[in-house]
Structures are given as C-alpha cells and as structure tokens.
Amino acid sequence: MAKGTIKVTTENIFPIIKKFLYSDHEIFLRELIANATDATKKLRAYSSMGDFKGDIGDDTLEITLDKEAQTLTVKDKGIGMSKDDVEKYINQIAFSGAEEFVDKFKDQEDSAGIIGKFGLGFYSAYMVAERVQIKTKSFKDEQAVIWECDGSPEYTIEDHDKSDRGTEIVLHIAEDSLEFLEDARIKTLLDKYCKFMPVAIKFGQKSEWIDNAEGKKDKDGKVEQEEIKVDNIVNNPTPAWTKSPASLKEEDYNDFYKELYPMNFEDPLFNIHLNVDYPFNLTGILYFPKISANMEMQKDKIQLFSKQVFITDNVEGIVPDFLTLLHGVIDSPDIPLNVSRSYLQADGAVKKIASHISKKVSDKLEELFKKDRADFEAKWDDIKIFIEYGILSDEKFAERAKKFTLYKTTSGKYYTMDELTEKITPAQKDKDDKLVYIYTSDAVAQHSFINAATTKGYEVLVMDTHLTSHLVGKLEQSLPNTTWTRVDADTIDKLIDKDEKIPSKLDEKQQETLKPVIEEVVEKAKFSVQFESMGETDQPMTIVQPEFMRRMKEMQAVGGGGGMQMFGGAMPDTYNLVVNTNHPLISKILNETDKAKQTEITKRTTDLAKLSQNMLKGEELTNFINQSIELI
C-alpha cells in the first residue's frame with residue numbers, strides 16, 4: 001500500500017482567495033478592521049493581566065484614503081507584530097493568531113471579544129488590492145518591520161523605521177476596484193459592517209459648531225458659533241445590547257432603535273433584551289414594531305452579529321420564521337459561520353438558539369400581559385398578526401401563547417380563550433351540544449349580520465387578518481366539541497342551529513313554483529336558491545356563503561389551503577340565496593300575476609340582498625339606486 005502527502009500549489013492560492021473565498025469583495029474592509037480590533041483587544045487583555053506595563057493611550061483605529069497614491073490604509077494601535085510574528089501569522093495561510101490567543105488565555109475575561117477564527121481575513125485584501133504592505137511594530141518594543149507581497153507566493157520583509165506601536169495595512173488598490181478609494185463607498189461599508197465594532201474607528205474628520213472662544217455675541221445677544229474639525233468616529237463601540245438591562249431605561253432602548261433604523265420614525269411597541277450565557281452565549285435586543293393586519297412590512301430587519309461584527313440580516317434558521325417580523329439585533333459567538341463569515345452553517349446549536357429565542361419572546365409577552373393587561377390590550381391589535389403567525393407555525397409557542405392570546409369582540413372587550421369559553425357557553429351551544437364561536441372578518445361590511453347575532457345575545461369576535469381562516473381551522477382541531485363560523489355564513493337561526501322550527505307560510509309546492517322565478521334573475525352557477533322559514537321581520541332574502549367553501553377559498557388565497565388541488569384551479573365564488581318563506585314580500589312575488597312586474601320585484605329584492613353583502617357594484621349598483629329613486 002502506497003502512502004503520500006497531498007501538496008498544495010501556492011501559485012493557485014491567491015486566485016482562489018480572490019474569486020471564491022468571500023461572497024462579496026466589499027467584505028475585505030470588515031475583515032481587516034476585525035483583525036485590527038482583535039489586535040487592540042489583545043493589548044487590552046495583556047494590559048489587564050499585567051503583561052503590558054505601558055500606557056495604552058488612545059487606541060482608536062483609523063481608516064485613511066490616498067487617492068493620488070491609490071491606497072487604502074487600516075491602522076491600529078494594538079499589539080503589533082515582530083518579524084517572527086509576521087512569519088508565523090502572515091506567511092502561513094489559515095494559521096489564526098486570534099484563535100491561538102483565545103485558546104491560550106481562554107479564562108481571561110478580556111479575551112472574550114476576540115473576533116478572528118480561521119486566519120484568512122487578511123488575505124481578503126487581495127480581492128481589491130494588487131499589492132499589500134504591512135508596517136508593524138510589536139508592543140514588546142522590538143524592531144519594526146515592513147512586509148510586502150503582490151499576490152504571488154513571493155514576499156519581502158525587512159526592517160522599518162515605524163516608531164509607534166501597532167500595525168498599518170496598506171492596500172494598493174487594483175484598477176478594477178477603484179470604487180474603494182471613494183469616501184462615500186467606504187463610509188457606506190463602515191456603516192454596514194462596522195457600526196458597532198468594540199473599538200472606536202476614525203474615518204476622516206467632521207465639522208462641529210461650538211461657542212467662540214472669545215465669547216463674541218451677535219446683534220441679538222447670542223454667543224456666536226464657530227466651526228471646528230473633530231475626528232469622525234463612525235461606530236458605537238458600546239451598543240445597548242452589550243450593556244446590562246438594569247442600566248437601561250425605556251428611552252435608551254428607543255434611542256438604540258432609532259440608531260438601528262434611522263428612517264423609522266415610529267417607536268416600537270416594546271422590546272426584549274436577550275442575555276444568555278448557558279447552554280450558549282447570546283445577547284441582543286428584539287423590538288416589536290407595529291404590524292399591519294396584512295403583514296405588509298419588510299422582513300430581514302433583525303441583524304446578526306458575532307462579537308459586534310455584522311454578519312448578515314438574513315437570520316433564517318436562527319430566528320423562528322414568525323419572529324422575522326421583529327426588528328433588532330442578535331449577537332452570538334456560538335453561531336456557526338462559514339469560513340467567510342458570510343452565512344450560517346447548518347448546526348444543531350442553531351435550532352437550540354431558535355427554540356430559546358422563541359421561549360424568551362413568549363415569556364416576555366406573558367410577563368407584559370400579567371403586569372399591565374390594559375396596556376397589553378391597547379397594543380393587541382398591533383401585535384395580534386404576529387401572535388397568530390406564531391401559533392400557526394410553532395407548536396411550542398402556540399402552547400405557551402394560550403396564556404396571553406386575546407380575542408376581541410365587536411363590543412370592544414378582550415377575552416382569553418378560557419374567559420371567552422366561559423362567557424359564551426350559556427348561549428352559544430347548538431342542538432348537538434357543540435360550542436359555536438362566531439367571528440367577523442369585517443365589522444363594517446358584515447354589520448347587519450353582526451347586529452342580528454348580538455341581538456340574540458351572541459358574542460361576535462373580530463378576526464380580520466389574512467391568517468384568520470388558518471387560525472380558526474387550527475382552533476377547531478385543538479378545542480374539543482367546538483366549531484367556528486363567520487357571522488355571515490348562514491342565517492341567524494341556522495348560525496347556531498338549536499333545532500327551533502318556525503312554521504312556513506309556503507308549502508313545498510309553492511316553493512317549487514317560486515324557485516325558477518328567482519333563479520331567472522340571478523346567476524344560477526353562482527347562487528343556490530334555498531327556502532327557510534324565518535320571522536316575518538327578518539330580511540326577505542339573505543345571501544350567505546357556507547363556512548367551509550369560503551374558508552377553503554381564503555386559505556387558498558394565502559397559501560396552504562386544499563382548494564387549488566381539489567378544484568384544479570382557483571375556487572369559484574358560490575353563495576346560498578336564502579329566501580324567507582314567511583316574509584310578506586315573498587308571498588307578494590309568488591302571487592303576482594303580471595310576469596314583468598313579478599320579475600321586477602324579484603330583481604329588486606335580490607339586489608337588496610346583494611347590497612347588504614356589498615356585492616352590488618358598478619353598473620348594477622347604479623341601476624338599483626336609479627330605480628329606487630324613481631320608485632320614491
């Protein structure tokens with residue numbers, strides 16, 4: 001059996017790095033600043049352990065552009081490197097100094113923020129640079145050196161006259177990447193990737209206005225202002241999520257929300273401060289924005305960080321799908337990333353994190369509900385779509401949500417499911433002893449049906465989101481011996497069938513005679529004519545849509561319904577036209593001998609039923625109004 005050693009051809013390494021290592025070339029700046037941040041954090045750690053006796057001083061990182069020389073420089077005042085360090089960490093690809101440091105000093109608190117892991121970040125510079133220089137001097141005060149490489153396996157290293165501690169990475173930008181010499185481009189990247197890096201980052205200067213030193217005043221007696229130039233610090237090294245929740249006020253959370261989303265002028269409803277150290281490390285702040293009933297809002301508003309380094313705003317997998325409607329930040333060093341830190345890797349820990357976040361959210365909602373129910377009710381209409389989404393997509397969340405999910409009635413009162421069940425049980429059981437929950441999807445359009453139901457003493461729930469059909473289906477499955485029906489799904493006496501018979505003024509033969517008269521003025525494919533004995537004061541004709549058919553159609557519209565598969569396409573709109581056999585107008589139609597007049601009365605009566613269902617529109621509505629005016 002032959003054995004050997006796989007050889008890597010160094011000439012091919014840089015083309016691979018340039019083309020395939022990172023998903024986007026702009027990542028180079030994040031990687032270089034992350035390295036500079038590590039160097040600074042390491043110096044702070046050495047100082048806290050007593051291994052560095054000097055004065056750290058101002059350790060701000062600095063990004064500078066020289067358009068004439070076509071260079072971009074990242075400068076830090078961290079630990080720097082000796083010649084041996086350069087040989088070890090730069091000339092050996094994928095040897096991570098950060099990971100070695102953390103492993104060596106893993107019990108030291110100050111080493112916890114070290115970012116690097118794979119030892120490849122520096123080489124991302126060659127995605128945009130044709131030549132890179134490293135000027136560096138170790139904190140141990142050894143001889144400074146300069147390293148230089150043009151992207152080939154050949155490099156040079158020699159002594160340099162750099163006198164200050166730290167490292168300068170000088171990128172000689174390639175002709176195809178000159179965009180990275182533009183101030184605006186760099187500012188955009190710093191804002192995207194480095195907004196919350198744990199070390200201050202300077203990029204140029206900015207103007208500030210202060211009172212003039214001499215105290216000169218203008219004609220109105222106000223002290224005149226003078227312009228000064230100050231360092232432009234582009235990041236916030238201590239964002240709110242890195243602080244103790246006890247040290248933050250509601251105002252601080254709202255200020256941080258505006259810092260995250262400067263174009264969002266509306267305060268969030270409330271927030272959840274995540275702070276987990278077992279079984280994994282995770283911090284962050286999640287905000288509940290106002291959510292519209294149709295969920296017309298942008299997802300991907302949760303930003304994922306790893307040790308304050310921005311990774312992505314696509315948190316699929318880490319955050320349960322229904323929580324992607326939230327805004328905020330999650331930061332965890334334990335989230336597995338690919339080598340370029342551009343996206344997540346599949347890992348069992350990710351599922352655990354997602355499950356924990358879901359639990360924290362439900363715990364917070366329960367806490368808010370118990371602490372101030374009135375305030376929770378006031379916010380319910382803004383968050384109910386989020387709760388419904390969670391109930392439908394996460395079984396564990398659904399179970400926890402029973403404690404704080406509210407159901408609003410048309411009278412404006414809110415009930416938990418237990419409270420609601422107790423409230424409606426006396427009046428809303430049908431002949432089979434089933435408890436019937438009645439709801440409306442549009443309290444304005446279905447007003448006449450709601451009025452009939454509430455007159456009978458029924459409670460009508462307001463359930464008006466795009467998820468209602470799915471939700472009531474789930475509730476029917478989870479609540480034994482119950483049924484859910486929309487208020488306009490049937491006539492009031494059949495909505496909750498108590499088997500109470502009202503004698504009919506029309507016998508079966510008369511109904512058979514009348515049926516074709518009515519079918520003649522409506523679309524037979526759309527309306528099924530049915531006769532029912534109701535009170536004389538009830539409507540002469542009522543249009544209803546059976547609960548099952550309507551719910552299937554609605555579910556198909558938002559996805560997940562079986563209607564498309566059952567009918568091979570979009571489900572048609574079908575309705576029941578219920579004729580009240582006890583209404584005087586129906587008897588009048590039956591007994592009218594003038595065919596034209598019979599047809600006119602029938603048409604007007606069916607139009608009236610359509611109008612009550614908001615089905616009469618366009619030309620039909622105009623004709624109905626004109627005819628009514630003429631009749632008056």
Taking region 45-63 as the search range and keeping residues that are in a strand (DSSP E or B) and of a type in the set (A, V, I, L, M), which one is farthest from T73 (Cα to Cα)? L61
Take the conditions at pLDDT 85 or above and farther than 26 Å from P198 by Cα and apply them to E154. Does it pass? yes
Of (1) under 19 Å from I387 (Cβ atoms); (2) crowded, with 17+ Cβ neighbours inside 10 Å; (3) among the hydroxyl-bearing types (S, T, Y), T416 satisfies all except one. Which? (2)
Failed item, numbered, when A129 is tested on (1) loosely packed, with under 15 Cβ neighbours inside 10 Å; (2) within 43 Å of the chain's Cα centre (by Cα): (1)
Checklist (1) farther than 25 Å from I79 by Cβ; (2) in contact with a helix residue (DSSP H, G or I) (Cβ under 8 Å, 6 or more places away or on another chain) applied to M197, failing item: (1)
Region 190-298: strands (runs of 3 or more DSSP E) wholly inside it with 3 or more residues that are at pLDDT 85 or above and aliphatic (A, V, I, L, M) are 282-288
Any hit, region 155-165, residues being assigned to a helix (DSSP H, G or I) and either assigned by TED's automatic domain parsing to the domain that holds L61 or crowded, with 19+ Cβ neighbours inside 10 Å (or both): no
Six or more apart or on different chains, Cβ atoms under 8 Å: show the pairs whose first residue is in region 259-276 and not assigned by TED's automatic domain parsing to the domain that holds K195 and of a type in the set (D, E) and whose second is part of a loop (DSSP other than H, G, I, E, B) and loosely packed, with under 14 Cβ neighbours inside 10 Å. E266/K290
Candidates E399, E395, E377, E367, filtered to the one that is touching a strand residue (DSSP E or B) at 6+ places or on another chain (Cβ under 6 Å), surrounded by fewer than 17 Cβ atoms within 10 Å (Cβ to Cβ) and under 30 Å from I318 (Cα atoms): E377
Any idea which of (1) buried (at least 19 other Cβ atoms within 10 Å of the Cβ); (2) at pLDDT below 90; (3) closer than 17 Å to T542 by Cα is the one M571 doesn't satisfy? (3)
Taking V460 as the residue in question, decide whether it is modelled with pLDDT of 90 or more and either farther than 27 Å from R604 by Cα or surrounded by fewer than 20 Cβ atoms within 10 Å (Cβ to Cβ) (or both). yes
Within region 503-523, considering residues that are within 54 Å of the chain's Cα centre (by Cα) and charged (D, E, K, R), the one surrounded by the fewest Cβ atoms within 10 Å (Cβ to Cβ): E523
Residue check: is A354 in contact (Cβ under 8 Å) with a residue 12 or more places away in the chain and in contact with a Gly (Cβ under 6 Å, 6 or more places away or on another chain)? no
For T465, only one of the following conditions fails: (1) under 22 Å from E395 (Cα atoms); (2) modelled with pLDDT of 90 or more. What is its number? (2)
If we scan region 423-436, do we find a residue that is within 27 Å of the chain's Cα centre (by Cα), more than 25 Å from K364 (Cβ to Cβ) and buried (at least 16 other Cβ atoms within 10 Å of the Cβ)? no
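The values are calculated or read from the model by the stated rules, or taken from the named source; none is laboratory data. Nothing here was measured: the structure is a model prediction, and the numbers come from that model. Cβ: placed from backbone, ideal geometry, glycine included. Neighbour counts: every protein chain shown.
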